[in-house]
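Visitor: Before I ask anything, let me first share the structure, which is written out below as structure tokens.
The values are calculated or read from the model by the stated rules, or taken from the named source; none is laboratory data. Small disclaimer: the values here were computed from a predicted structure and weren't measured. Neighbour counts run over all protein chains shown; Cβ positions are idealised from the backbone, glycine included.
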Amino acid sequence: MSEKVPVLELQRVDKSFGPIDVLHEVSLKVNAGEVLCLLGDNGAGKSTLIKTLAGVHKPTRGKILMDGQEVTFDGPRDAAGRGIATVHQFGGTFPLMSIGRSFFVGVEPSKGWGPFKVFDRKTANDTAVKAVQDFGITRIEDGERLVGSLSGGERQSLAIARAVHFGARVLILDEPTAALGVKQASHVLRIVNETKRRGLAVIFITHQVMHAMAVGDHFAVLIRGAIAADFRKGEKTREEITDLMAGGETMKDLEANIEGYMETHEGHPPPAKA
Amino acid sequence: MDLIGTFLRRPAAASILSLIGVLAFYAIFGGVDLGRFAAAASWVNLAANLGIVALPVGLLMIAGEIDISIGAMIPAGSMTTAILSGYFGLPILVGMLGALAVGVLVGLVNGLLTVRTTVPSLIVTLGTLVAMQGIVLSSSVLLTGGVSVSLAAPDWAKFAFGHLIAGSHQVIIVWWVLLTMIFAFVVHKTRYGNWIFAMGGDKDSARNAGIPTKRLTIGLFILSAVCASFVGMCQAILFNSAQVSGGMGFIFNAIVSIVVGGVLLTGGFGSILGIFFGTVTFAVVSQGIYFTNIDRNWSNLIIGAVLLLAVLMNNTFRKLAVNYTGAKNRN
């Protein structure tokens, strides 16, 4: 495995905003056809890391490498041009636009010439519908439908299909299953696996360990801006991962604490902290 | 059935239904002769002046912003034209370009302040609205010693911007129709329209998709300020004079027209056709009352009722559009 050149690699990346250090010596690698799960609690620096990967922020120190070559992103468009696509929690799509139009935002197909270049609606609709259907979402048949009429899982799928269609090599999924029900989430996970099968490198950000374990090949846990653990599939159990995410305080200790409290408080659990 | 559904899911549906409703109301309860009304100039003149401002402001609203400084830009445009070409006697072209340049400048200020700060554009343009009123008033007094300036435009300028077709219809109507067609083409047929809708739907995603949101926002603010000063310029040429006051009515009238026309206040949804019919509806309500035997003091009540009804219809139709799951089994 080690001889494979990772598609995207971070080497000791720091990011600070003024005096506040948000990321500290983060090193990551993701290979083609692999899913890297980035786990972390709220406030661990996940979104800063995503934004750094997507070219929104420039690292304060450290290197970003693509295919072994050092790169600097001059903004999100540059990163996207190099094949890094980010899909956000709600699909990053536009609820009141048609599927065809939202699929091609920023890269509209056109026909005609000169000042009369017009948006090619039919091509846009047909391409968009075909792209999502290729991912197994066959319920979408009409590109004129508004994105708002899709379910949460379908929206995620549309966004992923869009990224793949436009030649993404690295797909960053920001909490794609967080707002979804069980069934919808499994749809999305299936699409993540399909994306991996097509040879993309996927960075899957989540705090749901179960979802991560369902698709991940490689895991990294982020705590207070630093990588606290880095391991491959099968090396750690679900409990161990959850404990790591909780910041070292193991779930067992926590349970023991709660039990101890309940014994001395007539079986009541401790009051929830705000 | 499918045809009706397709019609109702369009953003312009409610404005067209409102227009039909208002016309029917005036014809039945006000005794209006619709043929005579259609030939009348008053409502078309109002619609044209208002429409040229409503189009770009509507685009800004689709993009998730708003510009109320247009209220000051109309007198600013007419005063700039009149002061440069009337008071100082410079060629009319200088006055006209000066008016449009003032529009570019104020639009640029609005746009830059909106994209560089986190202040909502309503507040930014409220600031420039009041500031421009002050600038127009004090520079008029300073330069000309008065608040009203006369202007004698040459024939060609009168013909192009300020004469009455058949003695009643302002030539600005032609500009309005022309601009509506250009706007409709750009917004619904080119990629730039798609960018505006995307920006109003979700600004961050639009930026991440590579749309130059800042430049587009600034451009739209410039467009609305220039359109407003264009209307002011045409009025100065038509009436042979300009006053520092006036124009404030345009702010609310334009917003009413746009909202009746199906533009979502929070952005992301709307159409040029809708804004066009919203403007016509507004003009028909406010001018049509003079053709009825209804006391004209009621016209604002009717406008308010039409506004509320149209917004309710818009919400219903938009829901219809969002819930529409597509033509089944087309192949």
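Visitor: Listed residues B:Leu301, B:Leu309, B:Leu273, B:Leu265; which is within 14 Å of chain A (Cβ to nearest Cβ), of a type in the set (A, V, I, L, M) and closer than 20 Å to B:Ile16 by Cα?
Guide: On the way: B:Leu301 fails: within 14 Å of chain A (Cβ to nearest Cβ); B:Leu309 fails: within 14 Å of chain A (Cβ to nearest Cβ); B:Leu273 fails: within 14 Å of chain A (Cβ to nearest Cβ).
Testing whether each residue is within 14 Å of chain A (Cβ to nearest Cβ), of a type in the set (A, V, I, L, M) and closer than 20 Å to B:Ile16 by Cα leaves just B:Leu265.
Visitor: Let me spell it out: the conditions are (1) in contact with a helix residue (DSSP H, G or I) (Cβ under 8 Å, 6 or more places away or on another chain); (2) surrounded by fewer than 16 Cβ atoms within 10 Å (Cβ to Cβ); (3) modelled with pLDDT of 85 or more, and A:Lys252 meets all of them except one. Which number is the exception?
Guide: So A:Lys252 meets the others, but not (3).
Visitor: I want to confirm something. Restricting to the range A:101-124 and keeping residues that are more than 10 Å from chain B (Cβ to nearest Cβ) and not in a loop (DSSP other than H, G, I, E, B), which single residue is surrounded by the fewest Cβ atoms within 10 Å (Cβ to Cβ)?
Guide: Taking the candidates together, the pick is A:Gly114.
Visitor: Scan the range B:38-52 residue by residue and report those that are surrounded by 20 or more Cβ atoms within 10 Å (Cβ to Cβ) and either farther than 16 Å from B:Val174 by Cβ or of a type outside the set (Val, Ile, Thr) (or both). Don't jump to the end; show me each part of the working.
Guide: Applying the first criterion (surrounded by 20 or more Cβ atoms within 10 Å (Cβ to Cβ)) to the range B:38-52 yields B:43-45, B:47-52.
Hits for the range B:38-52 are B:Trp43, B:Asn45, B:Ala47, B:Ala48, B:Asn49, B:Leu50, B:Gly51.
Visitor: Which is within 14 Å of chain B (Cβ to nearest Cβ), among the hydrophobic types (A, V, I, L, M, F, W, C), buried (at least 20 other Cβ atoms within 10 Å of the Cβ) and in a helix (DSSP H, G or I), of A:Ala159, A:Ala185?
Guide: Numbers: A:Ala185 fails: within 14 Å of chain B (Cβ to nearest Cβ).
Residue meeting the stated conditions: A:Ala159.
Visitor: Here is a further query. Is it true that A:Thr86 is of a type in the set (S, T, N, Q), more than 10 Å from chain B (Cβ to nearest Cβ), on the phi < 0 side of the Ramachandran plot and touching a strand residue (DSSP E or B) at 6+ places or on another chain (Cβ under 7 Å)? Before the answer, list the steps.
Guide: Working: of a type in the set (S, T, N, Q): yes; more than 10 Å from chain B (Cβ to nearest Cβ): no; on the phi < 0 side of the Ramachandran plot: yes; touching a strand residue (DSSP E or B) at 6+ places or on another chain (Cβ under 7 Å): yes.
In short, no.
Visitor: May I ask you to list the residues in the range B:248-265 that are surrounded by fewer than 16 Cβ atoms within 10 Å (Cβ to Cβ) and either touching a Pro at 6+ places or on another chain (Cβ under 9 Å) or assigned to a helix (DSSP H, G or I) (or both)? So that I can check it myself, show each step before the final result.
Guide: Of all residues in the range B:248-265, those surrounded by fewer than 16 Cβ atoms within 10 Å (Cβ to Cβ) come to B:249, B:252, B:265.
Passing the criteria: B:Gly249, B:Phe252.
Visitor: Also: Collect the residues in the range B:188-241 that are β-branched (Val, Ile, Thr), under 25 Å from A:Gly83 (Cβ atoms) and more than 7 Å from chain A (Cβ to nearest Cβ), keeping them in residue-number order. Give the derivation first.
Guide: The initial filter retains those residues of the range B:188-241 that are β-branched (Val, Ile, Thr), namely B:190, B:196, B:211, B:213, B:217-218, B:222, B:226, B:231, B:237.
Subset that is under 25 Å from A:Gly83 (Cβ atoms): B:211, B:213.
Correct list: B:Thr213 only.
Yes/no matrix, rows are residues, columns are (1) assigned to a helix (DSSP H, G or I); (2) over 27 Å from B:Ile165 (Cα atoms):
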{"position": "B:Gly5", "(1), (2)": "yes, yes"}
{"position": "B:Ala48", "(1), (2)": "yes, no"}
{"position": "B:Leu60", "(1), (2)": "yes, yes"}
{"position": "B:Ile68", "(1), (2)": "no, yes"}
{"position": "B:Ala72", "(1), (2)": "yes, yes"}
{"position": "B:Ser85", "(1), (2)": "yes, no"}
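Visitor: Further question on the same structure: Check whether at least one residue in the range A:29-38 is part of a loop (DSSP other than H, G, I, E, B) and within 14 Å of chain B (Cβ to nearest Cβ), and report yes or no.
Guide: Of all residues in the range A:29-38, those part of a loop (DSSP other than H, G, I, E, B) come to A:31-34.
After this cut, where a residue has to be within 14 Å of chain B (Cβ to nearest Cβ) as well, the list is none.
Checked against the condition, which is being part of a loop (DSSP other than H, G, I, E, B) and within 14 Å of chain B (Cβ to nearest Cβ), the range A:29-38 yields no hits at all.
Visitor: Pull out all pairs, ordered by first then second residue, where Cβ-Cβ is under 8 Å, the residues are six or more apart or on different chains, the first lies in the range B:62-91 and is free of Cβ contacts under 8 Å to residues at least 12 places away in the same chain, and the second is of a type outside the set (Val, Ile, Thr).
Guide: Hits for this filter: B:Leu90/B:Leu84; B:Pro91/B:Ser85.
Visitor: Give the residue that is surrounded by the fewest Cβ atoms within 10 Å (Cβ to Cβ), with candidates limited to residues of the range B:197-247 that are among the polar types (S, T, N, Q) and assigned to a helix (DSSP H, G or I).
Guide: The qualifying residue surrounded by the fewest Cβ atoms within 10 Å (Cβ to Cβ) is B:Thr213.
Visitor: Something else: Could you please find all residues in the range A:139-156 being more than 11 Å from every other protein chain (Cβ to nearest Cβ) and either more than 26 Å from A:Ala79 (Cα to Cα) or more than 13 Å from the chain's Cα centre (by Cα) (or both)? If you could, list the steps in order and put the result at the bottom.
Guide: First, the residues of the range A:139-156 that are more than 11 Å from every other protein chain (Cβ to nearest Cβ): A:152-153, A:155-156.
Answer for the range A:139-156, where residues must be more than 11 Å from every other protein chain (Cβ to nearest Cβ) and either more than 26 Å from A:Ala79 (Cα to Cα) or more than 13 Å from the chain's Cα centre (by Cα) (or both): A:Gly152, A:Gly153, A:Arg155.
Visitor: Can you pull out the residues in the range A:131-151 that are part of a helix (DSSP H, G or I) and not hydrophobic (A, V, I, L, M, F, W, C)? So that I can check it myself, show each step before the final result.
Guide: Taking the range A:131-151 first, the residues part of a helix (DSSP H, G or I) are A:131-133, A:147-149.
The answer is A:Gln133, A:Gly148, A:Ser149.
Visitor: Further question on the same structure: Can you say whether A:Leu180 is part of a loop (DSSP other than H, G, I, E, B) and either in contact (Cβ under 8 Å) with a residue 24 or more places away in the chain or not aromatic (Phe, Trp, Tyr) (or both), as far as the supplied structure shows? Reasoning before the result, please.
Guide: On the way: part of a loop (DSSP other than H, G, I, E, B): yes; either in contact (Cβ under 8 Å) with a residue 24 or more places away in the chain or not aromatic (Phe, Trp, Tyr) (or both): yes.
Judged against the criteria, A:Leu180 is a match.
Visitor: If A:Ala178 passes every condition in (1) surrounded by fewer than 23 Cβ atoms within 10 Å (Cβ to Cβ); (2) in contact with a Phe, Trp or Tyr (Cβ under 8 Å, 6 or more places away or on another chain) but one, which one does it miss?
Guide: It fails just one condition, (2).
Visitor: Somewhere in the range A:73-80, is a residue of a type outside the set (A, V, I, L, M) and more than 14 Å from chain B (Cβ to nearest Cβ)?
Guide: Residues of the range A:73-80 that are of a type outside the set (A, V, I, L, M), as a first pass: A:73-78.
Subsequent filtering for residues that are more than 14 Å from chain B (Cβ to nearest Cβ) retains none.
Scanning the range A:73-80, I find no residue that is of a type outside the set (A, V, I, L, M) and more than 14 Å from chain B (Cβ to nearest Cβ), so the answer is no.
Visitor: Let me ask another. Those residues that are polar (S, T, N, Q) and in contact with a strand residue (DSSP E or B) (Cβ under 6 Å, 6 or more places away or on another chain), I need them from the range A:33-60; list them, please. Even if it seems obvious, please write down each step before you answer.
Guide: Restricting attention to the range A:33-60, the residues satisfying the condition of being polar (S, T, N, Q) are A:42, A:47-48, A:52, A:60.
A:Thr48, A:Thr52, A:Thr60, listed by residue number.
Visitor: Please tell me if A:Thr48 is within 9 Å of chain B (Cβ to nearest Cβ) and either more than 13 Å from the chain's Cα centre (by Cα) or surrounded by fewer than 21 Cβ atoms within 10 Å (Cβ to Cβ) (or both). Steps first, answer last, please.
Guide: Working: within 9 Å of chain B (Cβ to nearest Cβ): no; either more than 13 Å from the chain's Cα centre (by Cα) or surrounded by fewer than 21 Cβ atoms within 10 Å (Cβ to Cβ) (or both): yes.
Considered against the rule, which asks whether it is within 9 Å of chain B (Cβ to nearest Cβ) and either more than 13 Å from the chain's Cα centre (by Cα) or surrounded by fewer than 21 Cβ atoms within 10 Å (Cβ to Cβ) (or both), A:Thr48 comes out as no.
Visitor: Inspect the range B:22-42 for any residue being within 18 Å of the chain's Cα centre (by Cα), assigned to a helix (DSSP H, G or I) and in contact (Cβ under 8 Å) with a residue 40 or more places away in the chain and give the result as yes or no.
Guide: At the first step, the residues of the range B:22-42 found to be within 18 Å of the chain's Cα centre (by Cα) are B:42.
Of the ones still in play, those that are also assigned to a helix (DSSP H, G or I) are B:42.
Checking which are in contact (Cβ under 8 Å) with a residue 40 or more places away in the chain leaves us with B:42.
Looking for residues that are within 18 Å of the chain's Cα centre (by Cα), assigned to a helix (DSSP H, G or I) and in contact (Cβ under 8 Å) with a residue 40 or more places away in the chain, one finds at least one in the range B:22-42, hence yes.
Visitor: If only one of B:Asn293, B:Asn314 is touching a residue at least 60 places away in the same chain (Cβ under 8 Å), of a type in the set (S, T, N, Q), in a loop (DSSP other than H, G, I, E, B) and more than 11 Å from chain A (Cβ to nearest Cβ), which one is it? Quick ask: steps written out before the conclusion?
Guide: Values: B:Asn314 fails: in a loop (DSSP other than H, G, I, E, B).
On inspection, the qualifying residue turns out to be B:Asn293.
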